[in-house]
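Here the structure is laid out as structure tokens; the discussion comes afterwards.
Every number here is computed from the coordinates shown, using simple stated rules; none is lab data. Computed from a predicted structure; not experimentally measured. Note that each Cβ is placed from the backbone with ideal geometry, even for glycine, and that neighbours are counted across all protein chains shown.
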Amino acid sequence: MRFDIITIFPGFFASVFEYGIVKRAQAAGLVEIHLHDLRRWTSDRHRTVDDRPFGGGDGMVLKPEPIFAAVEELTGAGRRTDLPARTRVVLLSPQGKPLTQALAAELAASANRLVVICGRYEGVDERVAEALATDEVSIGDYVLSGGEPAAVVLVDAVVRLLPGALGSATSAAHESFAAGVLDCPHYTRPAEFRGLRVPEVLVSGHHARVAAWRRKEALRKTWRNRPDLLERAPLSDEDRRLLEEIRREEQSA
Ligand code: 6GU
């Protein structure tokens with residue numbers, strides 16, 4: 001997978017991709033990350049990338065010309081309809097569709113080239129979303145001053161899903177969201193720390209009881225922190241019974 005990140009702050013990314021799985025994936029040749037200063041595609045003396053909004057209002061808007069020129073040079077296409085196969089152009093903006101595990105998985109599986117345009121919160125000329133980007137993506141319901149932190153999140157979420165990027169081929173399938181509920185709690189040694197004990201069942205080594213405990217505690221965590229996920233998660237009859245038990249337990253707690 002090749003990433004091309006177009007940004008007005010290339011220096012922002014100086015070290016973020018030099019750690020952990022993303023670093024390993026690059027070293028293994030699975031991933032290339034190229035940073036591009038949007039100002040490279042300006043031609044005026046001041047290297048202007050933004051301008052005042054038509055219709056008036058606060059803030060500046062990123063101009064279309066440098067962004068179209070950048071994507072055209074990088075992909076050969078100045079319209080999303082003309083892009084090469086397996087190439088996606090992602091505009092990062094708070095107006096985008098949510099980045100979910102499903103979208104990260106779709107990008108990891110279907111693209112080998114991701115051109116990522118970092119917007120700024122005041123705005124990007126809408127013709128980028130209309131005619132150039134294949135996807136307009138947001139990383140959550142809060143406002144960032146620019147798309148750069150979102151680009152880091154997107155790269156991480158996609159890279160770890162590429163075949164060979166994780167130490168264990170199966171670990172990605174077992175985590176939060178892959179199954180529609182949050183992951184269960186995890187513990188390691190010591191079994192008692194400052195009076196806080198690890199749940200006895202985990203220490204017992206009884207595999208069936210451990211598996212049952214993990215499922216119940218995954219459901220409890222989800223019920224507490226992300227009850228919205230339970231409306232869409234695939235739940236068995238046993239899961240629904242466990243959730244009833246959890247409701248009773250949490251009321252008496
Ligand atoms: Cl992708 N950009 C900005 N500026 N803010 C955001 C975002 C993106 N996702 C959530 N908030």
>> With loop defined by DSSP as not H, G, I, E or B, and exposure as at most 10 other Cβ atoms within 10 Å, which is the longest segment of the chain clear of exposed chymotrypsin sites (Phe, Trp or Tyr not before Pro)?
In response: 143-253
>> Whole percent per 10 Å bin, from 0 to the bin with the longest distance: what is P(r) over all C-alpha pairs of region 38-80?
In response: 29, 43, 26, 2
> Using the count of nearby Cβ atoms within 10 Å as a rough guide to exposure, how do 8, 67, 21, 117 rank from fewest to most?
Replying inline: 21, 8, 67, 117
> Expressed as a fraction of 2.2 N^0.38 Å, the rule-of-thumb size for a compact globular protein of N residues, what is the C-alpha radius of gyration of region 62-149?
Replying inline: 1.03
>> Working only with C-alpha atoms, what are the Rg and Dmax values of region 91-238, expressed in angstrom?
In response: 19.5, 60
> Ignoring the sites themselves, what is the longest stretch of the chain with no trypsin sites (Lys or Arg not before Pro) in a DSSP loop and at most 15 other beta-carbon atoms within 10 Å?
Replying inline: 87-193
> Taking only the alpha-carbon atoms of region 176-252, what semi-axes of the equivalent ellipsoid follow from 5 times the gyration tensor eigenvalues under a square root, in whole Å, largest first?
Replying inline: 23, 14, 13
> Where does each of 110, 252, 93, 138 land when they are ranked from fewest to most other beta-carbon atoms within 10 angstrom?
Replying inline: 252, 110, 138, 93
> In nm, to one decimal, how far is the residue 212 label point from the residue 134 one, both placed 7 Å along Cα→Cβ?
Replying inline: 4.7
>> Counting C-alpha atoms alone, how compact is the chain: give Rg to one decimal and Dmax as a whole number, in angstrom.
In response: 22.5, 71
> Most exposed first by the Cβ proxy, i.e. fewest other Cβ within 10 Å, how do 219, 229 rank?
Replying inline: 229, 219
> Mind checking which of 217, 238, 136 has the largest fluctuation in a GNM of the chain, springs on alpha carbons under 10 Å?
Replying inline: 238
>> Need one number: nm distance between label points at residue 58 and residue 186, each 7 Å from Cα along Cα→Cβ, rounded to one decimal.
In response: 4.2
> Which one of 109, 223, 91 has its Cα pushed farthest toward the positive end of the charge dipole of the chain, where Lys and Arg give +1 and Asp and Glu give -1 at the Cβ?
Replying inline: 223
